[in-house]
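Chemist: One structure, pasted below without further comment.
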Amino acid sequence: MMYHQMPIPPRSEHLWRYTPWHRIHPSKPDVIPSADGIVFKTQDNVSLIETSSTEPTSSEIARTFLHECKGSSYNLSLDNIAEPIHINARCSGHVSVGTLNVEVKGSAVLFIHLTGEPEWAGIRITGTVHPNSQLFYGFINELDSNAKFLRCEDWNLQRDASMENATLSLGGFRCKTDIRTSLNGTGASLRQAITVNADGAQHDDEHVEIHHHHGHTYSDLVMNSACGGSSHFIGTGLLTIAEGANKTDASQVFRNLLLSEKARAEAIPELEVLADDVSAAHGAASAPVDSEQMHYLMSRGLNPVDAQNMIVSGFLNDAFSNLTNAALIKEMRTRLTVHLECELKR
Amino acid sequence: MVEDSQEIIGDYQYGFHDPENSTIRFDKGLTEQVVRDISELKNEPEWMTDIRVKAYRHFVERVMPDWGNCSLLNMIDFENVTYFLRSSDKTEKSWDDVPDDIKNTFDRLGIPEAEQKWLGGVTAQYESEAVYHSIREDLEEQGVIFLDMDSGLKQYPEIVKKYFGTVVPHSDNKFSALNTAVWSGGSFLYIPKGVSVEMPVQAYFRINAKNMGQFERTLIIADEGSTVHYVEGCTAPNYSTDSLHSAVVELIAMKGAKIRYSTVQNWSSNVYNLVTKRAVAYQDAVVEWVDGNIGSKLTMKYPSVLLKGEGAHAEVISVAYAGEGQHQDTGAKVHHLASNTTSNILSKSISKGGGRSSYRGLLQVTPKSSGCRSKVVCDALILDEDSRSDTYPTMEIGNSSSDLEHEASVSKVSSDQLFYLMTRGFSEEEAMGLIVNGFFEPFTRELPMEYAVELNKLLELEMEGSIG
């Protein structure tokens with residue numbers, strides 16, 4: 001179905017409840033703007049190829065919209081590459097759109113750094129992790145603080161494939177992320193971590209879907225957000241376990257730390273379980289900075305601002321504790337630390 | 001809906017029915033004239049007729065919910081429902097005056113016996129209206145008003161007018177509009193300042209006729225510093241055609257008051273149970289919903305509390321059992337609208353034989369409400385591979401000083417626990433029954449003893465044949 005034929009999704013769908021489509025669209029929902037392509041660049045030895053074809057359309061409105069915007073399109077094949085791969089995705093102009101399709105065989109570590117000063121940026125990433133392969137993937141959003149940003153990702157994990165997917169969301173004025181992972185083979189495994197540090201009037205809406213289609217699969221999602229100023233964070237999750245997907249082990253944790261009176265946070269971790277022999281759990285918590293932790297640090301000589309920054313840093317870094325790849329953890333933590341230090345100097 | 005010639009009783013012990021001896025029965029279907037006729041028949045004041053008509057118009061305009069089990073919801077044929085059926089000309093104060101066939105039904109359900117032993121008051125509703133009503137004299141002397149809702153409107157119109165629809169307005173949802181348009185029966189309970197009603201008061205709702213719609217309306221007002229425990233139970237015969245139960249319950253707990261509202265819902269598996277229950281709690285008030293859902297075809301019920309006064313507290317304990325062909329879509333909603341308010345939600349569900357249980361909850365803290373605390377725990381057991389369990393929780397936090405947590409888990413019965421019990425000589429079925437009763441124990445221990453015993457028996461019956 002074409003974008004113009006699609007109904008605007010109602011707010012009763014939790015995906016669109018807090019950031020309805022018209023709020024993330026670059027202008028008016030009936031317009032498909034002409035887009036500049038996001039420029040993807042990486043090291044010379046990596047096979048990143050610009051193509052004319054983009055991913056086929058989807059039945060979901062945001063993905064169809066990105067498809068029809070016709071920005072840039074790239075294919076990336078990773079076949080057992082030892083060194084971490086860094087891709088710089090540079091956005092500019094009024095509307096900037098890019099599509100990336102990733103194929104992973106063997107083992108690879110991939111980072112995508114999103115930067116630039118567009119008014120609106122949209123990125124669609126699709127990928128397949130082939131049987132017995134591993135992908136350790138970090139996405140760092142450092143867009144300009146005035147940009148609107150839409151990100152849609154679809155990952156297909158095949159038999160005995162494993163993926164670690166980490167997100168650091170720091171930039172953008174209004175962000176909507178929709179990451180969907182299907183565990184399509186026995187033994188597939190996913191560890192996912194999302195860290196959001198929102199400030200000012202930032203609005204960050206992170207939606208994660210994890211679908212266990214086969215048994216003996218594993219997933220673990222941790223989403224930590226720290227919200228200051230009058231920022232608003234929304235974390236929504238949908239975890240499904242299909243009929244017959246027995247021996248699935250899945251867990252999700254959503255934690256929000258509210259740092260100012262006007263900050264807001266929503267958590268909606270949904271669970272749909274159609275198999276009986278599974279272990280599925282989710283948790284969500286929201287709280288201010290713990291006064292006992294503050295007291296402890298201040299009694300060691302830290303002033304209140306430093307004490308709070310240390311607690312926030314520890315809290316956000318903790319989201320990456322469920323990952324196992326040292327290079328991935330180190331890169332994400334370094335980027336976070338640099339960001340927090342810059343924030344501190346402001 | 002399926003053919004209505006065949007009747008099924010099966011294992012459901014309350015699935016019997018009596019021959020229908022109605023004194024007034026409306027034709028099936030709903031029009032504005034039906035709404036006006038119900039009001040006229042009850043000789044209601046004009047303002048109530050106006051509310052009904054307004055609600056009817058809203059019901060017609062409002063679309064069906066586009067969430068939840070839409071395929072089951074869309075099977076409801078509103079034109080095939082009887083919206084009013086009177087079985088007895090008046091509400092009696094003595095069981096001896098209740099028509100024999102109806103009295104026999106309530107005897108079989110054990111209501112008169114329970115009343116003598118442990119209840120402060122009883123309302124028994126059969127089809128659209130209450131057929132029996134009584135309250136202990138000492139409570140009456142203390143100023144407690146316990147009436148069926150129709151009598152409440154007649155005798156205390158000013159109180160009803162002041163509070164009716166203030167907690168659940170007719171425009172809240174399609175089914176609250178339907179209830180407001182055609183409501184009949186239900187309870188009206190007022191507890192004066194400082195009065196503590198120590199024995200629970202009970203309402204029992206029974207549908208007997210085929211394709212019946214029961215739309216009771218309950219309004220409970222606990223004045224400052226008072227306490228009350230209200231218990232309701234419900235059953236219906238098993239027919240192969242569907243019945244509709246769409247109630248509205250409004251609770252108002254004034255400063256320092258405490259209301260506990262316990263429900264054991266055991267409708268037969270042909271009943272759509274679409275209920276709106278909501279409470280308002282003012283300063284230091286406590287509202288507790290203790291909600292058990294065992295029966296019905298589709299239940300959609302999310303008891304809610306609006307914590308409007310500082311220091312108010314809400315407690316929701318709910319259990320759901322979803323067997324073959326059942327969908328228990330239940331949950332709880334708590335709105336922290338004032339500072340230093342607290343809430344606890346505990347939800348437990350079991351799905352078996354292809355049944356589906358869903359927890360749907362909302363926890364909201366508004367920006368001006370500081371120092372709020374809340375904890376939500378959802379546990380689900382899935383007993384076989386054909387069943388399903390969903391959790392749809394929502395947390396909306398607008399104040400940084402609030403502390404909220406939610407946790408949920410879905411699993412099957414632990415083989416270690418089964419093994420342990422079986423090594424002590426229990427059969428696998430008995431062991432499973434014990435584990436399930438233990439799983440529901442946080443709910444049953446909050447019920448009056450007689451209800452808890454009954455509930456355990458019901459669960460044992462439902463669990464029969466669950467192994468192998």
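Readers should treat all values here as calculations from the given coordinates under stated rules, not as data from a laboratory. Bear in mind that the values here come from a model prediction, so they are computed numbers and not experimental data. No Cβ is skipped: glycine too gets one built from the backbone with ideal geometry, and neighbour counts run over all protein chains shown.
Chemist: Let me have the 222 nm mean residue ellipticity of chain A computed from DSSP H runs of 4+ only, each contributing -39500 (n - 2.57), with the sum over all residues rounded to the nearest 500.
Modeler: -5000 deg cm²/dmol
Chemist: Charges only on Cβ, +1 for Lys and Arg, -1 for Asp and Glu: so what's the dipole of segment A:159-295 about the Cα centre, in debye to the nearest 20?
Modeler: Numbers: 9 positive and 19 negative charges, 63 e Å.
Result for segment A:159-295 is approximately 300 debye, rounded to the nearest 20.
Chemist: Also, quick follow-up: If I model a spin label at B:V53 and B:S94 as a point 7 Å from the Cα along the Cα→Cβ vector, what separation in nanometres do I get?
Modeler: 4.3 nm
Chemist: If you filter segment B:43-105 for trypsin sites (Lys or Arg not before Pro), then keep DSSP loop positions with at most 14 other Cβ within 10 Å, what is left? Don't skip to the end; give the middle numbers.
Modeler: Details: sites: B:R52, B:K54, B:R57, B:R62, B:R86, B:K90, B:K93, B:K103; in loops: B:R62, B:K90, B:K93.
Sparse-neighbourhood loop trypsin sites (Lys or Arg not before Pro): B:K90, B:K93.
Chemist: Now for a separate question. In segment B:301-370, which trypsin sites (Lys or Arg not before Pro) fall in coil by DSSP and have 15 or fewer other Cβ atoms within 10 Å? Display every interim value, and only then the final one.
Modeler: Details: sites: B:K301, B:K308, B:K333, B:K348, B:K352, B:R356, B:R360, B:K368; in loops: B:K308, B:K352, B:K368.
The qualifying sites are B:K368.
Chemist: Does the protein assembly as shown classify as rounded, prolate or oblate by the C-alpha gyration tensor (a ≥ b ≥ c root eigenvalues; a/c under 1.5 gives rounded; else a/b over b/c gives prolate, otherwise oblate)? Before the final figure, lay out the partial values.
Modeler: Numbers: a/c = 1.98, a/b = 1.85, b/c = 1.07.
Prolate shape, in that a/c is at least 1.5 and a/b is the bigger ratio.
Chemist: From the phi angles alone, apply the Karplus equation (6.51, -1.76, 1.60; θ = phi - 60°) to segment B:205-217 and give each ³J(HN,Hα) in whole Hz, x where the residue is Gly or Pro.
Modeler: 3J(HN,Hα) across segment B:205-217, in whole Hz: 10, 10, 9, 10, 7, 6, 6, 8, x, 10, 10, 6, 10.
Chemist: A further question follows. Applying 1/(1 + (r/R0)^6) with R0 = 30 Å to the Cβ-Cβ distance of A:S77 and A:A327, what FRET efficiency is obtained, to the nearest 0.05?
Modeler: The calculated FRET efficiency here is 0.90.
Chemist: Using a cut-off of 10 Å between beta-carbons, work out the net charge of the residues near B:S374 (Lys and Arg +1, Asp and Glu -1, B:S374 not included). Working shown, then result.
Modeler: Values: positive: B:R373, B:K375; negative: B:D403, B:E405.
Residues close to B:S374 contribute a combined charge of 0.
Chemist: Tabulate in residue order the Karplus-calculated ³J(HN,Hα) for segment A:18-33, using 6.51 cos²θ - 1.76 cosθ + 1.60 with θ = phi - 60°, rounded to whole Hz; enter x for Gly and Pro.
Modeler: Computed from phi, the couplings for segment A:18-33 are 9, 10, x, 3, 5, 7, 9, 5, x, 9, 9, x, 8, 9, 10, x Hz.
Chemist: Determine the calculated [θ] at 222 nm for chain B from helices alone, applying -39500 (n - 2.57) to every DSSP H run no shorter than 4 residues and normalising by the residue count; nearest 500 deg cm²/dmol.
Modeler: Numbers: 13 runs with 116 residues, N = 468.
Mean residue ellipticity, 222 nm, calculated: -7000 deg cm²/dmol.
Chemist: For A:M310 and A:S27, compute 0.36 nm times the residue count separating them, minus their Cα-Cα distance, and round to one decimal in nm. Let's see the in-between values first.
Modeler: On the way: separation 283, 0.36 × 283 = 101.88 nm, distance 3.95 nm.
Contour length minus Cα-Cα distance gives 97.9 nm.
Chemist: Now for a different question. Taking every DSSP beta bridge with both residues inside chain B, roughly what % is antiparallel (nearest 5)?
Modeler: Roughly 10 percent of the DSSP beta bridges within chain B come out antiparallel.
Chemist: Report, as an integer, the average count of C-beta atoms from other chains found within 10 Å of each Cβ along B:377-389.
Modeler: Values: counts 1, 3, 1, 3, 1, 8, 1, 2, 7, 4, 5, 7, 9.
Per residue, the average neighbour count from other chains is 4.
Chemist: What distance in nm lies between label points placed 7 Å from Cα along the C-beta direction at A:Y296 and A:C342?
Modeler: Result for the modelled spin labels: 3.1 nm.
Chemist: If you keep only loop residues by DSSP, which trypsin sites (Lys or Arg not before Pro) in segment A:254-340 have at most 14 other Cβ atoms within 10 Å of their Cβ?
Modeler: Those satisfying the criteria are A:R300.
Chemist: Can you check what the net charge comes to around A:I210, using other residues whose Cβ is under 10 Å from the Cβ of A:I210 (Lys, Arg +1; Asp, Glu -1)?
Modeler: Details: positive: A:R180; negative: A:E209, A:D220.
Combined, the nearby Lys, Arg, Asp and Glu give -1.
Chemist: Continuing with the same structure: What FRET efficiency comes out for B:D107 versus B:M422 if R0 is 41 angstrom and r is the Cβ-Cβ distance? Round to the nearest 0.05.
Modeler: Once rounded, the FRET efficiency stands at 0.55.
Chemist: Where the only charges are on Cβ atoms (+1 Lys, Arg; -1 Asp, Glu), what is the dipole of segment B:328-382 about its Cα centre, to the nearest 20 debye? Please report the intermediate quantities before stating the final value.
Modeler: Numbers: 8 positive and 2 negative charges, 4 e Å.
Rounded to the nearest 20 debye, it is 20 debye.
Chemist: Over segment B:146-253, what is the relative contact order in whole percent, taking alpha-carbon pairs under 8 Å and six or more residues apart?
Modeler: It rounds to 32 percent for segment B:146-253.
Chemist: Apply 1/(1 + (r/R0)^6) to the Cβ-Cβ distance of A:H94 and A:Q5, taking R0 = 30 Å, and write down the FRET efficiency to the nearest 0.05.
Modeler: Efficiency at R0 = 30 Å is approximately 0.75.
Chemist: Something else about it: I need the shape label for chain B. Rule: rounded when a/c is under 1.5, else prolate if a/b > b/c, else oblate, with a, b, c from the alpha carbon gyration tensor.
Modeler: Rounded, since a/c falls under 1.5.
Chemist: Select from chain A the helices, each a whole stretch of DSSP H, whose alpha-carbon atoms run 24 Å or more along the helix axis and whose Kyte-Doolittle mean is at least -1.0; answer none if there are none.
Modeler: Working: long enough: A:326-345 (28 Å, 0.00).
Span-like helices, by this rule, are A:326-345.
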